[in-house]
Amino acid sequence: MSHSHLLHTSFIPTAPPSLRRRLGGSAPTPRPHQIQSKIREIFMPALSSTMTEGKIVSWIKSEGDKLAKGESVVVVESDKADMDVESFYDGYLAAIFVDEGLSAAVGSTIALLAESEDEIALAQSQKTSSSGAVSAPPANNNDAPKVLDEMPSPVATAATPAVQASVGILGSSAHPASEGGKRVVASPYAKKLAKELGVDLRGVVGSGPNGRVVAKDVEAAVAAVKVSSGGATVVASEPAKPSGVELGSVVPFTTMQSAVSRNMLESLAVPTFRVGYTITTDALDALYKKNMKSVEQDIILQLLYPMSLDREMLFAPFFKLRLFNQSYYLQNSFQIKSKGVTMTALLAKATALALVKHPAVNSSCRDGKSFTYNSHINVAVAVAIDGGLITPVLQDADKIDIYSLSRKWKELVDKARAKQLQPNEYTTGTFTLSNLGMFGVDRFDAILPPGTGAIMAVGASQPTVVGTKDGRIGMKTQMQVNVTADHRVIYGADLAAFLQTLAKIIEDPKDLTL
Amino acid sequence: MQSAISLSLSSPSPVARFAVNNANNVCNLGTPRSLRFCGLRREAFDSSASFDASSLRSARFNLHSKHSNLSKVFAELKGNGTPSSSGFDYDLVIIGAGVGGHGAALHAIEKGLKTAIIEGDVVGGTCVNRGCVPSKALLAVSGRMRELQNEHHMKSFGLQVAAAGYDRQGVADHANNLASKIRSNLTNSMKALGVDILTGSGTILGPQKLKYGKGDSGDKIVTAKDIIIATGSVPLVPKGIEVDGNSVITSDHALKLEFVPEWIAIVGSGYIGLEFSDVYTALGSEVTFIEALDQLMPGFDPEIGKLAQRVLINPRKIDSHTGVFASKITPAKDGKPVQIELIDAKTKEPKDTLEVDAALIATGRAPFTQGLGLENINVQTQRGFVPVDERMRVIDGNGKLVPHLYCIGDANGKMMLAHAASAQGISVVEQLSGHDHVLNHLSIPAACFTHPEISMVGLTEPQAREKAEKEGFEVSIAKTSFKANTKALAENEGEGLAKLIYRPDNGEILGVHIFGLHAADLIHEASNAIAMGTRIQDIKFAVHAHPTLSEVLDELFKSAKVKVSASSKVAEPVRV
């Protein structure tokens, strides 16, 4: 459960869809091609602000195919979703640099687009002249690490010095064919794993037959890096699957989990501090009961622990079938009652209303030199989905009424589970909520997602014995919230004032349902 | 007593055989067309059943079995049609008792030919003993292992399975038992029908004359009106590769599954290599493909190959070296691993050295035609293959047809598939019995039994486009996805594609390629359509049960855009 408060999304509130085809920019990949006037490069788009590399799921078009502007060319898998990428120009797909199933860094050239048929040959000659540097398939085992070196994955960069240091001590693999360590002898799976995890095989000591590098050596190398790069964060980011985990095994991160890991490490560069507050929730609870439908709790539980609910699992194939057939059944069985208000929506609404009065808490620090005051109040809410987590965003939560917000929330959650969230639905948050209250957690502390200013950890609201103002002892339902903020832009007084406002809103929630 | 026993068998099978044996004498009993299959399907019967039937027959037809100098063992079983009318020992002698020879023999009996088959090794040939059959047993195991190991897949069904493991010997036994069972089925079906099985290797001595035996003085000479060569093939081992049967192996050894290496290099990524990669990775091995061509899975329709690679290779513990030859492979010895030297396929320059635990040579198969005595009739093999025309008639060194000599199956190299050999054999027997017959090889389906399976019939898209270019017609493509099929989704196996290559002007099916769940079983609707000349505009009205995988093809035919409408045949009303 410890992973639930970790967020991996860095939010760029103004991140426009045009990011998807950002030309060059921050991507550190070498660009070996001379751009002819009428041959355009197709770059690996950034489908999310956290995406550093993308995997080509499939090319919808083949080399030589004619493309119209707006037509889908390629399907790219990012850390969060599969997306069709469209062409921004008319022309011909002249050369494909990165084959299906392979990954490329964001901003690197994945294909060439020729304006006319005549230029296809020219473009293809560029491809051959700039041979596989970008797209090198793992045909030649020595190439694999080179490709990875270009990828700005923090894990990889952190890994190199640490692992190579160990080489000196332990010596290189004793493989007779390794020619004194010049050649890497690694099993096919070890190579695959090394590529996925960003490990340079040249530095890994092999424990297989004749000193061959096998999968578990790669895993051990990754584990060694983890320890050397600060145990605390890494331990916290370990996936805590409730069941079905084979003890004693080492399970590599999924793409999403890698993104989480990367962001958690990144957060260490931000000077954060924490301010807590206890809020009485009797009035809010009353409001919730008045409006609530029982579906809410059920949905949250399923989201957090989909694997533990057999019912859910048993029905999963049927859900898919239904989705596919788009039967009316789907709409009926998943329809949320129009009046159904969820606690998540209530909290998001209350937070948004408080943020209206405290724009500083809704700001962020992008460059270390300035405040970025966000024009929208977009509340992101952390949701655990199997094996990872994602932060669907309730946009303009201050302006939307609570009922619409509840419906929107349900829709986002469904999409998140189907992995169909669009980038603007999970990358545009300006303030994040993380709630573990439903598990009885009374207080915890969240890590600030990179690119945002603050995150609020919400504990359980529970009956508490309190002293009242008139000197008596009374019973109130209270919950603790704990805000983690970037002290470069948000100061203690800002948070204190914000929390006071929030407490007022929650303790007198009539405004929430307006 | 024996006849009593056979009468007590309620199965139609002995009756069918009985009918056939009578066919030559008692014409009105007719001959069931499906006789060959009756024979093959006799798996439910053990050998005693067939023995009963044969005894019954030998009792009845003793009068006819007066031929001399035949193998004593089988003398009592003769009754194999009428004596050869032309003074030969047999109407037909088939050299080689693989699937091709078996198919030809059974059909020859149906046609009333007096038939013998010469087997130098074991009945069933490569397919049954060292090929399709035992490999299917291993693949059945690998399919289950894959399913059980795929936690995600299981979870999506709501199933919980503890870690799956396997017992190597148990798996190997399954493959071996299956081969023995099918082998005895084949043997029994031939014995039961009265095919004489002659043991030893066969050598052609001259026109219509051959000998068989161990190659010593004990050899016996037989004459036959017609001879079919069906000697098959053996694994091809390129030069420089030393096969020791332990660490460097061919499919012959691999099927015995004597060990499961941690890392195995598979040389060749065709059907055989692909199937073994499926088996080995399911059993926990890591695999390295070595392919001489520039891409893996040559020979498959490029689109299907691409998809298959995404599913069958990329996510598995497999890597590959393409565009390289394994110029030298040294088996493991003295604690050293298997050494593989790779050279560039074009420049021949050394490229890399691999060290692995085992190497499987799956570079193809070479015809087994040595010792056949082809020189006695002036036939020159081409790379070992026996040259034949489209009717499987053997062509001699002067380009002339050799009378009464045919060659089927892997030995002629036309299409190296067991069922193609059998079809060629049947085609030859048809000709021998006076019906001209030319087999349409484009209607012969092929399948690769990976998980999921790949199957195909007819032309690939590039082949079809080339042909269209030459002959000046238009080619269209239709595709359907398994993702749209209810049954596939219910099985959580939505990954797959069916592709139809056709002529929009007349609705002719040029090729069908399927990658997906049970593709090998699905292809026959398409291959039958091609064989029968059924056009898309007609077959698209055929009804498929819902929900079944066959609807993938139904949709495929329906999605084709043919410019002509259905022929009237379909529209004929049938009263219900």
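Where a number appears in this text, it was derived from the coordinates with a stated rule and is not lab data. Quick caveat: nothing in here was measured; it's all calculated off a predicted structure. Quick reminder, even Gly has a Cβ in these numbers, built from the backbone with ideal geometry, and neighbours come from all protein chains shown.
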Query - Across A:K69/B:K563; A:K357/A:K408; B:K114/B:K220; A:K216/B:K155, pairs whose alpha-carbon gap is larger than 22 Å - result: A:K69/B:K563; A:K357/A:K408; A:K216/B:K155
Query raised in the report: Quick one: Cα centre-to-centre distance for the stretch A:442-511 and the stretch B:157-206, in angstrom?
Result: 74
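I need to check one value: relative contact order of the stretch B:489-549, counting alpha carbon pairs closer than 8 Å and at least 6 residues apart, in percent. Walk me through the numbers on the way to the answer.
Numbers: 59 pairs, mean separation 17.2, N = 61.
Computed value for the stretch B:489-549: 28 percent relative contact order.
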Query raised in the report: How high is the relative contact order of the stretch B:174-317, in percent, counting Cα pairs under 8 Å that sit 6 or more residues apart?
Result: 13
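Given Cα pairs under 8 Å that are at least 6 residues apart, what percent is the relative contact order of the stretch A:363-514?
Numbers: 260 pairs, mean separation 32.2, N = 152.
Rounded, it is 21 percent for the stretch A:363-514.
Compute the length gained on full extension between B:H437 and B:K239: take 0.36 nm times their separation in residues and subtract their Cα-Cα distance, giving the result in nm to one decimal.
Values: separation 198, 0.36 × 198 = 71.28 nm, distance 3.95 nm.
Residue separation times 0.36 nm, minus the Cα-Cα distance, leaves 67.3 nm.
Which length gain, in nm to one decimal place, applies between A:T468 and A:L268 when the Cα-Cα distance is subtracted from 0.36 nm times their residue separation?
Full extension of this stretch gives 67.9 nm more.
Which entries of A:K192/B:K558; B:K328/B:K467; A:K469/A:K510; A:K66/B:K479; A:K61/B:K487; B:K136/B:K306 show an alpha-carbon separation above 31 angstrom in the structure shown?
Details: A:K192/B:K558 41 Å; B:K328/B:K467 39 Å; A:K469/A:K510 23 Å; A:K66/B:K479 20 Å; A:K61/B:K487 29 Å; B:K136/B:K306 24 Å.
Correct reply: A:K192/B:K558; B:K328/B:K467.
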Query raised in the report: Between A:E117 and A:K290, how many nm apart are label points set 7 Å from Cα along the C-beta direction?
Result: 7.1
Report summary line: Plugging the Cβ-Cβ distance of A:H487 and A:T278 into 1/(1 + (r/R0)^6) at R0 = 35 Å yields, to the nearest 0.05, a FRET efficiency of 0.95
Report summary line: Quick calc: nm separation of the 7 Å Cα→Cβ label points for A:A497 and B:A162 -> 6.4
**Report entry** At R0 = 41 Å, FRET efficiency that the Cβ-Cβ distance of B:T199 and B:K336 yields, to 0.05
**Finding:** 0.45
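Which semi-axes, in whole Å and largest first, does the equivalent ellipsoid of the stretch B:443-576 have when worked out from the alpha carbon gyration tensor as the square roots of 5 times its eigenvalues? Working shown, then result.
Working: eigenvalues 108, 82, 29 Å².
The answer is 23, 20, 12 Å, longest axis first.
Between B:Q382 and B:E258, what is the FRET efficiency for a Förster distance of 25 Å, r being their Cβ-Cβ separation, to the nearest 0.05?
Numbers: r = 35 Å, r/R0 = 1.41.
Approximately 0.10, to the nearest 0.05.
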